[in-house]
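Peer 1: Before I ask anything, here is the structure I am working with.
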Amino acid sequence: MNTTVKALALAASMLLSLSACNANATPSSNEQVKKAFTTRFPTREVLSVSETPVKGVYEVVVKGKQIVYTDAEAKYLFVGDLIDTVAKTSLTEKKMTELNRVSFSKLPLQYAIKEVRGNGARKLAVFTDPDCPYCKQLERESLPDITNVTIYTFLYPLAQLHPDAPRKARQIWCSKDRLATWTAFMRDGQELTGTDKCDTSALDKIEAMGDELGITGTPGLIFGNGRLVPGAIAKDDIEKLLDAK
């Protein structure tokens, strides 16, 4: 999913609500900014507020790991990268990296399709949609030659993009050999023929977990060091991230 489009949609929905909200206070602290922001945008849960190096501009993180910037009274906001032109770094990207850190040990690995290659020492979790073309690209081009890794595949169909994906995810989950079925379907292009009638409550739990982690698109890769990276990235990049501390 295009995260820029999602961010713009978030900003648009906030701007529409400005016509119905008023705040007379003059916030002078992070907590007051949070209060003003919540008053103007009551449907947006604020996770954190912090000052930026730009005087009078505050960073607001809302549920879904979306970052917006606002003034002290939350009268104005913008969505986009805040760039430090001296250090030549994106403060927004740095913050997103922090937000996207995941405790790998806390992932419910019992709900994943597990594949051990070589000694299995390195760890990788993949949130994936059976109808996502980028997920198939990842499976066919980036992952095949990677070894000494344990891959945990979480079935995460995005029904709003791929209406038939939930049924296919259920078929894979209900198969006798989930790994073999997944591999044949995603990497070899074999059609799914099995039933989708079994206990699929695990898929509901995966969906809830993905929402909590802020995963809005597939594939979403979580490495052993907790780094969450979106997209069908190249094999060499996966290797580097698998070895990163």
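The values are calculated or read from the model by the stated rules, or taken from the named source; none is laboratory data. Note that the structure is a prediction, hence the values are computed from the model and not measured. Neighbour counts run over all protein chains shown; Cβ positions are idealised from the backbone, glycine included.
Peer 1: Can you go through ILE238, ILE206, ILE222, ILE172 and tell me which one is not hydroxyl-bearing (Ser, Thr, Tyr) and not in a helix (DSSP H, G or I)?
Peer 2: Working: ILE238 fails: not in a helix (DSSP H, G or I); ILE206 fails: not in a helix (DSSP H, G or I); ILE172 fails: not in a helix (DSSP H, G or I).
Going through ILE238, ILE206, ILE222, ILE172 in turn, the sole match is ILE222.
Peer 1: What number of residues within segment 122-143 are more than 16 Å from THR181 (Cα to Cα) and in contact (Cβ under 8 Å) with a residue 40 or more places away in the chain?
Peer 2: Of the residues in segment 122-143, 13 are more than 16 Å from THR181 (Cα to Cα) and in contact (Cβ under 8 Å) with a residue 40 or more places away in the chain.
Peer 1: Can you tell me which residue among ALA23, ALA11 is surrounded by 13 or more Cβ atoms within 10 Å (Cβ to Cβ), modelled with pLDDT under 90 and in contact with a Ser or Thr (Cβ under 6 Å, 6 or more places away or on another chain)?
Peer 2: ALA23
Peer 1: Assess whether SER48 counts as being under 25 Å from GLU212 (Cβ atoms) and of a type in the set (Gly, Ala, Ser).
Peer 2: The answer is yes for SER48.
Peer 1: Now for a different question. Please enumerate the residues belonging to segment 200-224 that are surrounded by fewer than 16 Cβ atoms within 10 Å (Cβ to Cβ) and either touching a Gly at 6+ places or on another chain (Cβ under 9 Å) or not assigned by TED's automatic domain parsing to the domain that holds SER142 (or both).
Peer 2: ASP211, the sole residue that qualifies.
Peer 1: If we scan segment 200-208, do we find a residue that is closer than 17 Å to ILE113 by Cβ, in contact (Cβ under 8 Å) with a residue 24 or more places away in the chain and of a type in the set (Val, Ile, Thr)?
Peer 2: Scanning segment 200-208 turns up at least one residue that is closer than 17 Å to ILE113 by Cβ, in contact (Cβ under 8 Å) with a residue 24 or more places away in the chain and of a type in the set (Val, Ile, Thr).
Peer 1: Related question: Please find, within segment 98-114, the residue that is nearest to GLY224 (Cα to Cα) out of those that are touching a Leu at 6+ places or on another chain (Cβ under 6 Å) and at pLDDT below 90.
Peer 2: Looking at residues that are touching a Leu at 6+ places or on another chain (Cβ under 6 Å) and at pLDDT below 90, I get VAL102.
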